[in-house]
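The values are calculated or read from the model by the stated rules, or taken from the named source; none is laboratory data. This one's a predicted model, so the numbers in the text were calculated from it and none came from an experiment. Reconstructed Cβ throughout: ideal geometry from the backbone, glycine too, with neighbour counts over all protein chains shown. The area values use the complete protein model at the heavy-atom level, side chains included, leaving out ligands, DNA and RNA. Shrake-Rupley method; radii C 1.70, N 1.55, O 1.52, S 1.80 Å.
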Amino acid sequence: MFSLPELPYAYDALQPYMSKETLEYHHDKHHLAYVNNGNNLVKGTEFEGKSLEEIVIGSHGKNAPLFNNAGQHYNHIHFWHWMKPNGGGAIPGKIEKAIVSDIGSVDKFKEDFIAAGTTQFGSGWAWLAVKDGKLIVAKTPNGESPLVSGAKPILGVDVWEHSYYIDYRNRRPDYLKAFVDHLINWDYVLEMYEAATK
Ligand code: MN3
């Protein structure tokens, strides 16, 4: 059964970069809907009792309603942890080294990541992921993630309008820049990088 995790910080902890109102709607309403829909849709399918990652990968291309909700549940569980108060800042050495060797430079990573989020037409996500042992920047539509193309996501940002419209209106690039500079929880990114490259 899917369940809604609590936010790892207070609803007002990410202000002024992400408001209490945004987190209340995004976590309490949007994420909860994915949890409830996912629980209803998984019932009686071959995916009942499987892990969330198995459901996301297994339902892709097979059961769109289940995939959309399970994919968004997976994405949002991590999204809350990919942010923290006073985030951004110095990148852990191990990840910085991999960014420089696989992407070129930290500036290039930031530019590519923001561009991926800005150019994702409509709803979706921008990613930093590990594919074949190397870091890549990617974007996906709707509830997809790099999991469905055999990669392991280690950082993602939600570019659905519900994630930024209250705070930034139509200024998605400003939201993405604030996410990179002030919200990213690099400790959690490092944790996922280490798990993905074990
Ligand atoms: Mn969302």
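Does Gly61 count as open to solvent by less than 70 Å² (accessible area, probe 1.4 Å), of a type in the set (Gly, Ala, Ser) and either more than 16 Å from the ligand (Cβ to nearest atom) or not in a helix (DSSP H, G or I) (or both)? Break it down into steps so the answer makes sense when it comes.
On the way: open to solvent by less than 70 Å² (accessible area, probe 1.4 Å): no; of a type in the set (Gly, Ala, Ser): yes; either more than 16 Å from the ligand (Cβ to nearest atom) or not in a helix (DSSP H, G or I) (or both): yes.
The answer is no for Gly61.
Give Gly122, Gly156, Gly143, Gly117 a once-over and let me know the one that is within 14 Å of His78 (Cα to Cα) and not in a strand (DSSP E or B).
Details: Gly122 fails: within 14 Å of His78 (Cα to Cα); Gly156 fails: not in a strand (DSSP E or B); Gly117 fails: within 14 Å of His78 (Cα to Cα).
Checking each option against the conditions leaves just Gly143.
In this structure, does Glu161 turn out to be under 11 Å from the mean Cα position of the chain (by Cα) and of a type outside the set (A, V, I, L, M, F, W, C)? Working first, answer last.
Numbers: under 11 Å from the mean Cα position of the chain (by Cα): no; of a type outside the set (A, V, I, L, M, F, W, C): yes.
In short, no.
Taking only pairs six or more apart or across chains, which ones have beta-carbon atoms under 6 Å, a first residue in the stretch 108-119 that is in the same structural domain as Ser163 (by TED's automatic domain parsing), and a second residue that is open to solvent by 40 Å² or more (accessible area, probe 1.4 Å)?
Taking only residues 6 or more apart or on different chains, the pairs are Asp112/Val137; Phe113/Val137; Ala116/Val137; Ala116/Lys139; Thr118/Pro173.
When Leu66 is evaluated against the numbered criteria (1) free of Cβ contacts under 8 Å to residues at least 40 places away in the same chain; (2) open to solvent by less than 30 Å² (accessible area, probe 1.4 Å); (3) closer than 27 Å to Lys198 by Cα, which criterion, by number, is the only one it fails?
(3)
How many of the residues making up the stretch 1-52 are open to solvent by less than 70 Å² (accessible area, probe 1.4 Å) and charged (D, E, K, R)?
Going through the stretch 1-52 one residue at a time, the tally reaches 2.
Going by the structure shown, is Tyr165 closer than 16 Å to Leu23 by Cβ and open to solvent by 10 Å² or more (accessible area, probe 1.4 Å)? So that I can check it myself, show each step before the final result.
On the way: closer than 16 Å to Leu23 by Cβ: yes; open to solvent by 10 Å² or more (accessible area, probe 1.4 Å): yes.
Here the answer is yes, as Tyr165 does meet what is asked.
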